[in-house]
Amino acid sequence: MRAARYTGPQDVETADVVVADPAPGEVQLAVAYTGICGTDLHIYHGDMDARVQRPAVIGHECSATVAAIGSGVEGWSVGDSVTVLPVRSCGSCAACQAGFGHVCPQLVFLGIDAAGAMQNRWNVPAQLLVRVPNEVNLRHAALVEPTAVAVHDVRRAGLRPGQHVVVVGGGPVGTLISVVARAAGADVSLVEVDHERRALASKLGFRAIDPTSSDVTAEIFELTSSRGADVAFEVSGSAGGVATAVDVLGVRGKLVMVAIHTQPREVNLHRFFWRELEMVGARLYERRDFEEAVALIASGVVPAEELISAVVPLEAAGEAFASLAGGGVMKVLVDCTESREGNGDV
């Protein structure tokens, strides 16, 4: 079997690996596609070496079919289409006992803390499988995980129909948040510096704002008859993005922090006081978010094909990471099947 492995900063190699039969309670998956996400790029740059044990099979956004079933597993058949909820919680800490296992302090994240999906065959605990209707294109099913992120973010916002939403950052997650928020009845404006990402947002029917040539706050307040946005999602991970997300909010607006900020940011706390703003964090997802994401993709609400920039073969995973480091594209999938070739360029 072949796998893409992170071996050190800016080095992803494709190598032979041995995949054992599934252990009791496990299912072996024939991985179809694995998406490359921002977290994978953080790994690629060496930013997560404290957690990643090298060489590490990476990747956690995947679609697959069941190839073999370990003893004691029920409810699954060979050939079933699935995706994987790639987190294992301890089950006993205060967070887990409260029903918030996705923020468990002992959380094991597959593709970071344990072997991930960027390989031909992958053994995972059966309890982590999420069923995908067999009629759903497996390319599209590889977007379930990032869509689940967006579903969770919108759920954390407590979004109501008719509210005005500003999404700061138009990468894959920001675009998916826009899609999910619109499906929930929101009027969405997306703020993004990259021309190609703004063009895609416009194509998908969103109001796309260039913060380098527009006064975003003035534009949002004009659009909302001086009320301001009800909810702002900060997805850019930049200091400027945080400032914009706070400034566009109206009275009692809500800021949802989605991006991972690796350093402290200045926040206009006077604005929080003056307008009685609220801020919530949004991390990962729960099983119900995955299930809703599957439904959104199966129904066509998520424009999955429009979001896929390229599909590359497993053997070209290293080159794909190197190209993605420059930014500018949306979602690149790695074709992890044993027989097919990829059909796109990054």
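Observations on the model:
- For F233, the residues whose amide H sits under 5 Å from its own are V166, V167, V168, V256, ignoring neighbours fewer than 5 places away on the same chain, with H placed 1.01 Å from N.
- Loop-located trypsin sites (Lys or Arg not before Pro) in the stretch 1-69, at most 14 other Cβ atoms within 10 Å (DSSP): R51
- DSSP-assigned coil residues among trypsin sites (Lys or Arg not before Pro) in the stretch 206-255, each with at most 12 further Cβ atoms within 10 Å: none
- Whole-number D in µm²/s for the chain (Stokes-Einstein; Kirkwood sum over Cα pairs; 37 °C, 0.692 mPa s): 159 µm²/s
- The value of relative contact order for the chain, using C-alpha pairs under 8 Å at least six residues apart, is 19 percent.
- When +1 charges are put on Lys and Arg Cβ atoms and -1 charges on Asp and Glu Cβ atoms, the dipole computed for the chain relative to its Cα centre reaches about 860 debye.
- Rounded Å value of the spacing that divides the Cα centres of the stretch 209-239 and the stretch 102-145: 35 Å
- Our analysis of the stretch 170-238 gives Rg over Rh at 0.93, with the two radii drawn from alpha carbon positions and Rh computed by the Kirkwood formula.
- Pair-distance distribution of the stretch 229-330: all C-alpha pairs, bin width 5 Å, starting at 0; shares per bin in whole percent are 2, 10, 14, 14, 15, 18, 14, 8, 4, 1, 0.
- For C336, residues with placed amide H under 5 Å, excluding near neighbours: Y33, T34
- Residue order, fewest to most beta carbons within 10 Å, for C90, C62: C90, C62
- For the stretch 147-281, the Kirkwood radius over C-alpha pairs fed into Stokes-Einstein at 37 °C and 0.692 mPa s yields D = 229 µm² per second.
- Under Karplus coefficients 6.51, -1.76 and 1.60, residue-wise ³J(HN,Hα) of the stretch 67-73 in Hz, glycine/proline x: 10, 7, 10, x, 5, x, 9
- Under a Gaussian network description of the chain, with springs only between Cα atoms under 10 Å, the residue in M48, M330, M118 that fluctuates furthest is M48.
- Result for the chain in a Gaussian network model with C-alpha springs under 10 Å: among H195, H140, H270, the largest mean-square fluctuation is at H270.
- Phi to ³J(HN,Hα) by Karplus 6.51 cos²θ - 1.76 cosθ + 1.60 over the stretch 99-110, Hz, x for Gly, Pro: x, 10, x, 6, 10, 4, x, 9, 4, 9, 9, 5
- With the helix formula -39500 (n - 2.57) applied to DSSP H stretches of n ≥ 4, the chain reaches a computed 222 nm mean residue ellipticity of -7500 deg cm²/dmol.
- Here is the list for the stretch 1-80: GluC sites (Glu not before Pro) lying in DSSP coil, each with at most 10 other C-beta atoms within 10 angstrom of its C-beta, are E74.
- Applied to the stretch 31-39, the Karplus parametrisation 6.51 cos²θ - 1.76 cosθ + 1.60 on θ = phi - 60° returns per-residue 3J(HN,Hα) values of 5, 8, 9, 10, x, 9, 10, x, 5 Hz, with x for Gly and Pro.
- Hydrodynamic analysis of the stretch 251-301 uses the Kirkwood radius over alpha carbon pairs. Inserted into Stokes-Einstein at 10 °C and 1.306 mPa s, it gives a translational diffusion coefficient of 116 µm²/s.
Read the figures in this text as sums done on the coordinates, not as results from a lab. Just so you know, these numbers come straight off a predicted model, no measurement behind them. Ideal geometry is used to build each Cβ from the backbone, glycine not excepted, and the neighbour counts take in all protein chains shown.
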